[in-house]
Amino acid sequence: MSPTSSPADAAAPSPGSSLSAARRSRELARSVGGPVVDVLVVGLGATGAGAALDAAARGLTVVAVDAHDLAFGTSRWSSKLIHGGLRYLASAQLDVAHESAVERGVLMERTAPHLVTAQPFVLPLTPLVSRGQAALAWAGFRAGDTLRLAARTARATLPGPRRLSTVETRHLAPALRTDGLRGGLLSWDGRLTDDARLVTALARTAAAHGARILTRVRALEVSGSGARIRDELTGEEGEIRARAVINASGVWAGELVDGIRIRPSRGTHLVLRAERLGSLPAGMHIPIPGETNRFVLVLPQGDGRVYVGLTDEPVDGPLPDVPEVPETDIGFLLDVLGSVLDVPVHRDDVVGAFAGLRPLLDTAPAGSGGAARTSDISRRHAVLTSPDGVVTVVGGKLTTYRRMAEDAVDAAVSARRLTAGPSRTAVLPLVGAAARARLATLPAPRRLVRHYGTEATAVQSLAARDPRMREPVLPGHPVTRAELLWAVRHEGALDAADLLDRRTRIGLVPVDRAAALTAAHQMLDEALAGQG
């Protein structure tokens, strides 16, 4: 049985994939001052966790560290979309567009069909959308479908675009203003259940292949032969020696390796209660006035929340661990949203907001002030090798994390002459993955299947054994205590922030986070006591 195969016992996690405080302690002790490993990865966002998996799946010995938690940085602040590259066609970045479409198909059909599904979007044809703009958008959606075909993604996986009548448009987006509405355009793209869950699945799959996944371990200095690190839980310092080092620390990459110039871009999203916009069978593309190829997205989440995003604003100065959301971003998104809604959404309706920093590679000549707008900077990724051999991967986007990771490991293998085969990750299912037909027959609630895949029955079994585990963490939210317990036992959660802000995302709404904090501490204490 492979590490990602379905276990014989449906109430057990995938073999070898469980991350826990006890496992972290054991593997940290083995790594610091221990034998040289083949690859050290710094950063456990999507690209870093993907690199750890890619290298481990090739048979290399791997240690991956992060100063905080899995998906602590940019990877948890996305729109949770797996884009097919339509936007890049419009800017003539054909290679990026095709790569995006291919990687979307890999996730939806092979590696993570439980986490990535088809999402319909409506572009409402309001008076603010001219007939010329509508024609251009329709041509773009048709081109996007051609990308799907070129990437060999099945029609059953992603339906084709079509025109909508006014009645159909209102059915899919009832909150729209009807005055002057002349129908809409329906398109489809890939959508993640949760971006942080993708990173968790990557890290656990890497662990199942032997990688040591070490959170709360900060790389203080890196070189081509390893890193000086500090255990953020104890303050103890030490050294991890490696034949190759991959710097996948995103917007912070330049703080570890000289000569890496990042131009961060802030992408902000609002969080609304779902009842504020009514039933939303589909998401929405809302054109930004004055822009030909930019939209505000309305993204129903299925958990009683809706996200509205996103911005693309340059960020200067020191980089915070958790970016703040300025009122200007909130006002901008509300204004665009209000341009199409029957009943406006007010500032008081915004129950949460989050922002992520895109790690865009600044390719403008030094001293030139950079590109005019961060939205104009290419989303191509780059793999750079420093004079002392550290491989840094930057740029790109969430959709193409797997290809970025593969390219980074290829570079490390080549530079350090490691003995390793080709990448396997394009066909390697992540923890919980299975064919859609099998996922549909699992005896577990659909919501659990979309979050845990084949492990949904194992999470459900925790609730079956103890009635307390069936209780919601807070009223009106679907997450149960069983899911918190699972996160501590098997997903490497070490504190309440890990549970609420990354494993479940309850923390995106501050009042919900406060209400759930007591339950999180209780489950954490119980789970950690069981490990000890």
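Find out how many positive minus negative residues lie around ALA57, taking Lys and Arg as positive, Asp and Glu as negative, among other residues whose Cβ is under 12 Å from that of ALA57.
Taking every other residue near ALA57 into account, the sum is +1.
Helix-only estimate, please: 222 nm mean residue ellipticity of the chain, summing -39500 (n - 2.57) across DSSP H runs of length 4 or more and dividing by its residues, to the nearest 500.
Dividing the helical sum by the residues of the chain leaves -9500 deg cm²/dmol.
At GLU275 and PHE332, where each label point lies 7 Å from the Cα along Cα→Cβ, what is the point-to-point distance in nanometres?
Reported label-point gap for GLU275 and PHE332 is 3.2 nm.
Among LEU517, ALA444, ALA458, whose Cα lies farthest out toward the positive end of the dipole of the stretch 436-531, if unit charges sit on the beta carbon of Lys, Arg (+1) and Asp, Glu (-1)?
Towards the positive end, the residue furthest out is ALA444.
Any idea what the relative contact order of the chain is, in percent, if you count C-alpha pairs under 8 Å spaced at least 6 apart?
After rounding, I find 22 percent.
Work out how far the C-alpha atoms of the stretch 436-531 reach from end to end along every principal axis, then list the three figures in whole Å, largest first.
Computed over the Cα atoms, the extents are 38, 30, 23 Å.
If I model a spin label at ASP179 and ARG438 as a point 7 Å from the Cα along the Cα→Cβ vector, what separation in nanometres do I get?
5.5 nm
What does the charge add up to near LEU442, with Lys and Arg as +1, Asp and Glu as -1, over the other residues with Cβ less than 13 Å from its Cβ?
So the environment of LEU442 carries a net charge of +4.
What full-extension length gain, to one decimal in nm, is calculated for ARG110 and VAL343 as 0.36 nm per residue of separation minus the Cα-Cα distance?
Extra length from ARG110 to VAL343 when fully extended: 79.7 nm.
To the nearest 0.05, what FRET efficiency results for VAL351 and ALA139 with a Förster distance of 25 Å applied to their C-beta separation?
0.10
If you take every DSSP beta bridge whose two residues both sit in the chain, what share of them, in percent to the nearest 5, is antiparallel?
Numbers: 58 of 75 bridges.
Given both bridge residues lie in the chain, the antiparallel proportion sits at roughly 75 percent.
At 7 Å along Cα-to-Cβ for each site, give me the label-to-label distance between SER25 and ARG155 in nm.
5.8 nm
Treating only the Cβ of Lys, Arg, Asp and Glu as charged (+1, +1, -1, -1), what charge dipole size does the stretch 174-214 show about its Cα centre? Round to the nearest 20 debye.
Computed about the Cα centre, the dipole is about 120 debye.
For LEU233 and ALA415 in the same chain, what is the full-extension length gain: residue separation times 0.36 nm, less their Cα-Cα distance, in nm?
Contour length minus the Cα-Cα distance gives 62.2 nm.
So if I take the centroid of the Cα atoms in the stretch 31-85 and the same for the stretch 486-511, what is the distance between those two points in Å?
19 Å
When a footprinting reagent is the concern and you count Cβ atoms within 10 Å, what order do SER339, SER423 take, fewest first? Display every interim value, and only then the final one.
Values: SER339 17, SER423 21.
So the ranking, lowest neighbour count to highest, is SER339, SER423.
Dipole of the chain, Cα-centred, from +1 at each Lys and Arg C-beta and -1 at each Asp and Glu C-beta, to the nearest 20 debye?
1700 debye
Only helices at least 24 Å long along their axis, Cα-based, and averaging -0.5 or more on Kyte-Doolittle count here, so list those DSSP H runs from the chain.
Span-like helices in the chain: 131-150, 510-531.
Evaluate the charge dipole of the stretch 436-531 about its Cα centre and quote only its size in Debye, nearest 20, assuming +1 on the Cβ of each Lys and Arg and -1 on the Cβ of each Asp and Glu.
On the way: 14 positive and 11 negative charges, 112 e Å.
My answer is approximately 540 debye.
Where a number appears in this text, it was derived from the coordinates with a stated rule and is not lab data. This structure is a prediction, so every number in the text was calculated from the model and none was measured. Reconstructed Cβ throughout: ideal geometry from the backbone, glycine too, with neighbour counts over all protein chains shown.
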